[in-house]
Structures are given as C-alpha cells and as structure tokens.
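> The structure follows.
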Amino acid sequence: MESFTNKIFYTDHSKGVDLYIIDIATLKAVKINQQPLNVTLVVELPVDDQTILYRIATKPASAIRLNH
C-alpha cells in the first residue's frame, strides 16, 4: 500500500479561495495558486485522489459569454 505524505487543503476568504499542498512529513504548506480560485462547478466530476482539476480563464468573467 502506498504511503501518502501530501494533502490538499483550501481556505476561503472574502476575496476567493486559495489552494495549498501540505507536506505531512515536513509540516509545511505551499500555496499553489497565484490568483484566488473560483470554485463554482456546475457538474460533479469523478476524480481519484491523485488528480487536481483546474481551468484557467484568460479573460475576466464579465467577458465570457455563456451559452444556455
């Protein structure tokens, strides 16, 4: 059985959500996002515990056209 020493942690605050990877062996956390995350997801996606899903927007949200 594989031993996992890293955990994912997020914290939300008034400006958004930050994502951290925590190294359990050294008790150190590293923030991995540079801009606050938008955690809105309209569908649930099955992922394993080795996968991080992310999407990068190159335009501000006000410039994105949604098709309904």
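The values are calculated or read from the model by the stated rules, or taken from the named source; none is laboratory data. Given the structure is predicted, the values throughout are model-derived calculations rather than measurements.
> Name every residue in segment 4-28 that is modelled with pLDDT under 80, among the hydroxyl-bearing types (Ser, Thr, Tyr) and more than 16 Å from Thr51 (Cα to Cα), in order of residue number.
Within segment 4-28, the subset modelled with pLDDT under 80 is 4-16.
Those still in the list that are among the hydroxyl-bearing types (Ser, Thr, Tyr) too: 5, 10-11, 14.
Thr11, Ser14, listed by residue number.
> I need the full set of residues from segment 29-62 which are among the aliphatic types (A, V, I, L, M) and at pLDDT below 70, in order please. Give the derivation first.
Looking only at segment 29-62, we keep the residues that are among the aliphatic types (A, V, I, L, M), and these are 29-30, 32, 37, 39, 41-43, 45, 47, 52-53, 56-57, 61.
Once the filter is applied, which keeps residues that are among the aliphatic types (A, V, I, L, M) and at pLDDT below 70, segment 29-62 yields Val39, Leu41, Val42, Val43, Leu45, Ile56, Ala57, Ala61.
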